[in-house]
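The values are calculated or read from the model by the stated rules, or taken from the named source; none is laboratory data. Here the structure is a predicted model, which is why all the values come from computation and not from measurement. Cβ placement follows ideal geometry from the backbone for every residue including glycine, while neighbour counts extend to all protein chains displayed.
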Amino acid sequence: MLYFWKESKIKDYNYKQVKKHLIKYLFLVTISISFYNCQRDDICPADAPTTPQLIIRFLDSQNPLEFRQVTNLRVFEEGSESFIINRVTTDSIAIPLRSFAEGTTFTMITDSADNADGNETGNIDIIRFNYNTQEVFISRACGFVANYQELNNALTPDADNWINSVNILTPNVENINTAHVQIFH
């Protein structure tokens with residue numbers, strides 16, 4: 001009987017040791033798998049492509065090769081109360097297009113100012129840009145960016161348009177390195 005007790009104690013001791021080592025092994029395997037699943041593309045790099053904005057250059061309608069600044073330019077998107085561009089004098093702008101729509105309408109005001117009642121006194125023109133949106137997958141961390149294809153425009157005519165004509169330079173808006181549209185005024 002004493003012999004059986006000693007054997008039982010030895011078996012019990014081995015079982016506890018095996019169980020202890022098995023738990024350590026499973027813990028190490030779990031940690032290793034979790035580190036293996038973390039990939040480099042889980043962090044979106046700062047220089048990753050983003051959805052491009054529409055780059056517009058303003059040119060002199062009398063001398064089409066010269067840039068011409070727009071004085072006190074104010075730009076806002078139809079349906080928005082905030083200004084994208086607010087009373088700056090510039091010869092170029094970058095404005096966002098709606099990625100979940102087939103077009104974006106902008107109100108562009110030159111010589112923007114407020115009268116005594118707080119009403120706009122500048123010359124207002126309305127221009128719509130139509131396009132097809134194409135989503136491009138960048139990476140798992142960065143997701144998708146929207147590129148715009150087949151860009152065209154429609155200028156709303158009025159009695160006093162300050163925009164004389166619009167020229168689409170690049171019908172595909174895929175980067176921010178070059179101008180996409182020329183506006184002659």
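Some observations on this one:
- Among the residues here, residue 50 does not qualify as more than 16 Å from the chain's Cα centre (by Cα) and touching a residue at least 12 places away in the same chain (Cβ under 8 Å).
- Residue among 153, 63 that alone is within 20 Å of residue 182 (Cβ to Cβ) and surrounded by fewer than 13 Cβ atoms within 10 Å (Cβ to Cβ): 63
- All positions within segment 103-125 that are in a loop (DSSP other than H, G, I, E, B) and either at pLDDT 95 or above or closer than 19 Å to residue 57 by Cα (or both): 111, 112
- Just one of the listed residues (137, 129) is over 22 Å from residue 107 (Cα atoms) and either in the same structural domain as residue 98 (by TED's automatic domain parsing) or surrounded by fewer than 16 Cβ atoms within 10 Å (Cβ to Cβ) (or both), and it is 137.
- Consider segment 38-79 and keep the residues that are assigned to a loop (DSSP other than H, G, I, E, B) and of a type in the set (Val, Ile, Thr). The one that is farthest from residue 136 (Cα to Cα) is 43.
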